[in-house]
Amino acid sequence: MAIKLGNKNKAPGDNWIGFGGVLCFLTVVIFLMGAFNGVNNGLTLAGGVLMGLIMISIGYLKRISVALMQNTSATKESASI
């Protein structure tokens, strides 16, 4: 007998959002590790976080586009009835 926790269905764009969040977090960790050792570089922080935020925005745009496509297909079906 298995315990079911939460919903297993993934929304479109979840992978993009997850990878972007992990990239932002790891970039900040790497930057802080360099800062405590005296070898910090602002370009590392700016580049990694910017790339992570772009990946997160791509994920949300994918969610929005899928929702809009479902909305237009439902509208076309109801108009043809």
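The values are calculated or read from the model by the stated rules, or taken from the named source; none is laboratory data. Keep in mind it's a predicted model, so treat the numbers as computed, not measured. We place every Cβ from the backbone using ideal geometry, glycine too, and count neighbours over all the protein chains shown.
Couple of notes before you dig in:
- Considering the range 67-81, and only residues there that are among the aliphatic types (A, V, I, L, M) and surrounded by 10 or more Cβ atoms within 10 Å (Cβ to Cβ), the residue that is modelled with the lowest pLDDT turns out to be Ala74.
- Residue match in the range 40-47 (condition: assigned to a helix (DSSP H, G or I), of a type in the set (A, V, I, L, M) and exposed (fewer than 10 other Cβ atoms within 10 Å of the Cβ)): yes
- Pairs where the first residue, in the range 8-22, is in a helix (DSSP H, G or I) and the second is of a type in the set (A, V, I, L, M, F, W, C), C-beta under 6 Å, 6+ apart: Trp16/Met55; Trp16/Ile58; Ile17/Ile56; Phe19/Met55; Gly20/Met55; Gly20/Ile56
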